[in-house]
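Here is the structure we will look at.
The values are calculated or read from the model by the stated rules, or taken from the named source; none is laboratory data. A quick note: this is a predicted structure, and the numbers were derived from the prediction, not measured. Cβ: placed from backbone, ideal geometry, glycine included. Neighbour counts: every protein chain shown.
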Amino acid sequence: MPRSSRFIRISAAVGAVGTLAALSTGCSSGASHPSVAQPSAVSVGIPEPTAVRASAGPATPPSTDLPADVEQTARAFTAAYAEHDARDGKDGSYADAGGRAAKFATGELVDNLSQKRPGQDAEWAKLRAEQAIQTVEITSAATPDGAPGPTQTSALVRVHYTLTTTPHSGTEQRSNEQLALRLEHTSQGWRVTALPWA
């Protein structure tokens with residue numbers, strides 16, 4: 001191979017590496033994001049992304065690639081599903097939030113959302129004892145890493161949110177949570193059909 005040809009190839013490779021390095025450092029937003037808890041169970045059919053860990057340097061939030069109506073439904077479902085009011089005369093169990101989220105769902109999921117689960121009794125009893133309210137602040141909604149992008153009829157969405165638990169008395173607690181959703185386009189618009197890793 002002629003020496004000039006070899007020089008061009010090496011220069012191109014070095015230039016590409018330099019460009020990638022500049023892009024990776026130049027896109028940082030300056031905002032630091034804490035680690036996110038992984039779901040406790042994985043269902044078949046969708047690859048489970050690698051855990052996201054906090055790093056010493058700044059991180060960029062995932063950019064959304066979702067159509068506006070898909071993102072709107074995913075955010076509305078997540079807020080309804082994850083917010084609870086354990087004060088007297090309010091929610092009687094986690095199933096009440098599931099019932100509120102059901103209006104953004106379709107198929108078998110609608111019935112499943114409003115079912116009481118005995119495994120949640122102890123956690124709910126703790127919220128009731130504290131007369132606590134749980135509120136949600138959604139931080140991002142995007143296609144999960146490694147999952148196919150949205151189509152005209154279906155979408156996979158991972159919603160990251162901050163859950164704030166405020167007891168009647170005592171210290172407020174915050175945790176970073178996430179919820180994976182499978183959505184389908186129906187005659188009523190976009191609806192959640194499954195919680196793949198719940």
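Among residues belonging to the range 125-162 that are surrounded by 14 or more Cβ atoms within 10 Å (Cβ to Cβ) and among the charged types (D, E, K, R), point out the one that is nearest to LEU195 (Cα to Cα). Show your work before the answer.
Narrowing the range 125-162 to residues surrounded by 14 or more Cβ atoms within 10 Å (Cβ to Cβ): 127-128, 130-136, 138-144, 147, 150, 154-162.
If we keep only those that are among the charged types (D, E, K, R) too, we end up with 128, 130, 158.
Values: ARG128: 26, GLU130: 28, ARG158: 10 Å.
Once the filter is applied, the top-ranked residue is ARG158.
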When (1) exposed (fewer than 12 other Cβ atoms within 10 Å of the Cβ); (2) under 25 Å from HIS185 (Cα atoms); (3) modelled with pLDDT of 95 or more; (4) aliphatic (A, V, I, L, M) are applied to VAL44, the one that fails is (3)
Counting only residues that are outside any strand (DSSP E or B) and surrounded by 13 or more Cβ atoms within 10 Å (Cβ to Cβ), the range 163-177 contains a total of 1
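Return the total of residues in the range 178-192 being surrounded by fewer than 18 Cβ atoms within 10 Å (Cβ to Cβ) and in a strand (DSSP E or B). First the steps, then the outcome.
First, the residues of the range 178-192 that are surrounded by fewer than 18 Cβ atoms within 10 Å (Cβ to Cβ): 184, 186-189.
Next, from what is left, pick out any that are in a strand (DSSP E or B): 184, 186, 189.
Summing the residues that are surrounded by fewer than 18 Cβ atoms within 10 Å (Cβ to Cβ) and in a strand (DSSP E or B) in the range 178-192 gives 3.
Could you pull out the residue among ALA125, ALA155 that is hydrophobic (A, V, I, L, M, F, W, C) and part of a helix (DSSP H, G or I)? Let's see the steps before the verdict.
Values: ALA155 fails: part of a helix (DSSP H, G or I).
Being hydrophobic (A, V, I, L, M, F, W, C) and part of a helix (DSSP H, G or I) holds for just one of ALA125, ALA155, which is ALA125.
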Filter the range 86-124 for residues that are under 19 Å from PRO196 (Cα atoms), free of Cβ contacts under 8 Å to residues at least 60 places away in the same chain and aliphatic (A, V, I, L, M); the one that is surrounded by the most Cβ atoms within 10 Å (Cβ to Cβ) is LEU113
Checked the range 157-175 for anything touching a strand residue (DSSP E or B) at 6+ places or on another chain (Cβ under 6 Å) and in contact (Cβ under 8 Å) with a residue 12 or more places away in the chain; matches are VAL157, ARG158, VAL159, HIS160, TYR161, THR162, LEU163, THR164, THR165, THR166, ARG174, SER175
